[in-house]
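Below is one structure; the comments refer to it alone.
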Amino acid sequence: MASSSGIGTTGTRILAPVIAVLGIVIIVRTLSAGGGPFSIGVLLGVVFLAIGAGRFYLSLRAAS
Amino acid sequence: MAHRVPRDQSLQRVHGTGALFSAAYGNVGSSIYYALGVVAAFALGLTPLAFVISGLIFACTAATYVEGTVMFPEAGGSSSFARHAFNELISFIAGWGQMLNYIITVAISAFFVPHYLGVFWEPLRTSPGDIIGGIVLIAILAALNVKGSQESAKLNLVLAIGDLATQVLLVIAGMVLVFSPDTLIDNVDFGIAPTWSDFALGIALSMIAYTGIETISNMSEEAKDPPKTIPRGAGYTVAAVLGLYALLPIIALSAMPVVPDPAGGFTTELGTTYAGDPVLGIVENLGLGAGLTDALRVYVGVLAAVILIIATNAGMIGVSRLTFSMGQHRQLPERLRQVHPKFRTPHVAIITFSIIASIALIPGQADLLATMYSFGAMLSFTVAHAAVIWMRVRFPDRERPWKPRGSVPFRGYRIPITAVFGGLGTFAAWIVVMALNLETIAIGGGWMVLGAVVYISYRRRQRLPITETVKVVLPEPLDVEEVEYRSILVPFEDDPFSELTVATATRLASRKRRGIHVISMLNVPAHLPIDAPLPRQQEKAQAKVERAKLIGGQRVTGHVQRIRPGQAPKTIIEEAEEIKASAIVMQLTYRNRTPLYGKTLQGVLGHRPCRVLVTADPTRDSSGAPEPPVPV
């Protein structure tokens, strides 16, 4: 049976890419709506992307 | 004497390049009947370019599928690739995305059938006629699939050729009658008609035109010389689809140019008046005479409706096969892949997903269906590209009977350019379809979350690991890999169905359509006429044939034969001679773990019209036992 720590790792591996993808979606959505490169939407998207990518990278590094 | 063929010399498969092309085109070519109008509504004058760009992504995706399938020739497509490259969780995500594709294929194909049948009765072209018609069609096909209908491969082939010929005819007629380069140029005002975001969405949506790409991989097991015929068949399909999907919008937009609309934007009749039946729009605007136009309308209407019905059915068959495959890998609850006790078909899956397809159809929004398809397909294709790239890293030395041309070096590995380009393209399209259509991200995200919850809770309840492959154990075939047989006869009498016997026959048979024939004999007592109504026994006998088909797939045929008691050996021998069987596979039954060499087995062994193989499983008596799950 999957242990609770295993589920936690799996959850991170699923949610981190989801957050990163949401970040990209926010950026594309903002730009398509006419937002500039320093608009709130783009900055928020970059933050989401960075958090998602960073968390995923850390989970991979912890596994290895 | 048995006709034995050493396995390594026995690649006598049935489908050549032409057959593969026809089947693949038959599936992919149906999509234009709904894709054209949906894409034109967004991409306007750049619709041909949108189709060309998505066509290039399609070509790369086809290359990825061919490489992955030839490497691991098994059902599942992207789900299977992800299993080998990554883990079971990613495989599930790809499979669940694919499931959404199949459901939306069912919904969108069924939704457009009434539009084309509108040539006979106008109300079918509009809501609620199209919605009701689509739901009725799904219900009928679901009932037929639960009962266990069979596709006619020959009919599909004829229709695919008719479809291709008709589309070519329309392109030629359009080129002569309406093609206008000036109109096409005037149709486009970069950044305004269409806007860049609408053009990007148009590219993502035009991917729906390539519904059915997985056919190329699904037919691999029946292809002659797969490393040659599959890439050629796929290549011809890509070329034909790319050519026609670029030319048809050119003709359509020459005949139905982009014009300003009252709201201050731009529009084309292709994406409005004829959004529901765009190919009929081309016919009506070719400028032919009234009589010829009417005749062509009826012809195209009927042809399109039939092709879309077949596409709907293909989607439904895809759903049931995928459910079965995911169920076998313990990705979905057993309940979902449960087989009907009478018809031996996965009825729960068929009914459940038909209901979901019908619900998806109720809003009557083709563009919502298209974005939902794009969401599932792009996710699934992106995983397929990533898996094929990762397999180059993970299994660099593994034999690849076919590889696409062009690769880039990366840390000592050769990464296929097609997978990189295709992966970036499908990922970008996935992002675009979510970013520019918030309904899609809400519904598609909800679908994926639902799947993840079902998967994780099911695996936890079953005490199974989340990321490891766990497969339902099917009986292992006998270890007879050194030979193959051209055709196998599997007889069943009153004995219970044996999965081991069919699995053994499947392994023994050459990979050839109709390689295995099941004869299910029904003993009719002497005091009854041979055609006496015996519904319960008849159903039981037929169920064995259907279960064999579920295990052995398309290569299995079968029939129920009524016999008198004691006639079984003679019937089996005659049947073996008639079909020129190279081997007969029979089961040895056990009672209280004691083998029973019954009269039928003795009789067949006594005459031996060909090699007779007897399967034996002492652990299983006549009552049968459920298969325990074990990790693979």
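Structure summary
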| read-out | value |
| --- | --- |
| Only Lys, Arg (+1) and Asp, Glu (-1) charged, at Cβ; the stretch B:527-619 dipole about Cα centre in debye | 260 debye |
| Cα-based Lys proximity count in the protein assembly as shown, under 13 Å, for pairs eight or more positions apart or on separate chains | 6 |
| Relative contact order %, the stretch B:101-151, counting alpha carbon pairs below 8 Å whose residues are six or more apart | 33 percent |
| Rounded tilt (10° steps) of B:290-328 against the dominant C-alpha axis of chain B | 50 degrees |
| The stretch B:569-608 versus the stretch B:158-207: alpha-carbon centroid distance in Å | 61 Å |
| Range of Cα positions in the stretch B:237-295 per principal axis (Å), largest first | 40, 33, 19 |
| For the protein assembly as shown, alpha-carbon Rg relative to the globular expectation (2.2 N^0.38 Å, N residues) | 1.03 |
| Extreme residue, positive dipole direction of the protein assembly as shown, given options B:Gly603, B:Gln538, A:Leu43 (C-beta unit charges) | B:Gly603 |
| Chain B, accessible surface, carbon-and-sulfur percent (1.4 angstrom probe) | 61 percent |
| All-pairs alpha carbon distance profile, chain B, 10 Å steps from 0, percent | 3, 15, 25, 25, 17, 10, 4, 1, 0 |
| 10 Å Cβ neighbours from other chains, averaged over peptide B:197-209 | 1 |
| Per-residue ³J(HN,Hα) for the stretch B:558-564, Karplus 6.51 cos²θ - 1.76 cosθ + 1.60, θ = phi - 60°, Hz, x for Gly and Pro | x, 8, 9, 10, 7, 9, 8 |
| Viscosity 0.692 mPa s, 37 °C: Kirkwood-radius Stokes-Einstein D of the stretch B:307-379 over Cα pairs, µm²/s | 244 µm²/s |
| Normalised contact order of chain B, rounded percent, pairs of Cα under 8 Å and 6 or more residues apart | 22 percent |
| Karplus-derived 3J(HN,Hα), 6.51/-1.76/1.60, for each residue of the stretch B:432-444, Hz, glycine and proline x | 4, 5, 7, 5, 9, 9, 5, 4, 5, 5, 5, 6, x |
| With DNA, RNA and ligands ignored, accessible area of B:Leu184 (1.4 Å probe; Å², nearest 10) | 30 Å² |
| Other-chain or far-sequence residues with amide H under 5 Å of B:Val518's (modelled H) | B:Val490, B:Thr557, B:Gly558, B:His559 |
| Helix-only mean residue ellipticity at 222 nm for chain B, each DSSP H run of n ≥ 4 adding -39500 (n - 2.57), per residue, nearest 500 | -19500 deg cm²/dmol |
| Geometric extent, Cα atoms of the stretch B:10-73 - Rg, Dmax (angstrom) | 15.6, 52 |
| Percent RCO, i.e. relative contact order, over the stretch B:62-126, from Cα pairs under 8 Å lying at least 6 residues apart | 16 percent |
| Shielding of A:23-36 by partner chains, average beta-carbon count, 10 Å | 4 |
| Excluding exposed DSSP-loop chymotrypsin sites (Phe, Trp or Tyr not before Pro) (at most 13 other C-beta within 10 Å), longest clean stretch of chain B | B:191-596 |
| Among B:Val306, B:Leu36, B:Leu49 the positive-end extreme of the charge dipole of the protein assembly as shown (Cβ point charges) | B:Val306 |
| Value of Rg to Rh for the stretch B:258-353 (Rh from inverse mean 1/r over Cα pairs, i.e. Kirkwood) | 1.27 |
| Shape parameters for the stretch B:407-475, alpha-carbon atoms, Rg then Dmax in Å | 18.3, 49 |
| P(r) tail fraction, the stretch B:203-337 - alpha-carbon pairs more than 22 Å apart, % | 59 percent |
| 3J(HN,Hα) from dihedral phi, the stretch B:85-93, Karplus parametrisation 6.51/-1.76/1.60, rounded to Hz, x for glycine, proline | 7, 10, 8, 5, 5, 5, 4, 5, 4 |
| Computed FRET value (nearest 0.05) for B:Lys147 with A:Leu43, which takes r as the C-beta separation and R₀ as 60 Å | 0.55 |
| On Cα atoms only, tilt of B:32-43 relative to the major axis of chain B in degrees | 40 degrees |
| Sequence-distant residues sharing a close amide H with B:Val612 (under 5 Å, placed H) | B:Ile584 |
| For the stretch B:43-124, the Rg and Dmax computed from alpha carbons only, in angstrom | 17.7, 52 |
| Degrees between helix B:226-255 axis and first principal axis of chain B (Cα, 0 to 90, nearest 10) | 30 degrees |
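The values are calculated or read from the model by the stated rules, or taken from the named source; none is laboratory data. Here the structure is a predicted model, which is why all the values come from computation and not from measurement. Note that each Cβ is placed from the backbone with ideal geometry, even for glycine, and that neighbours are counted across all protein chains shown. The accessibility values were calculated without ligands, DNA or RNA, using every heavy atom of the protein model including side chains. Shrake-Rupley method; radii C 1.70, N 1.55, O 1.52, S 1.80 Å.
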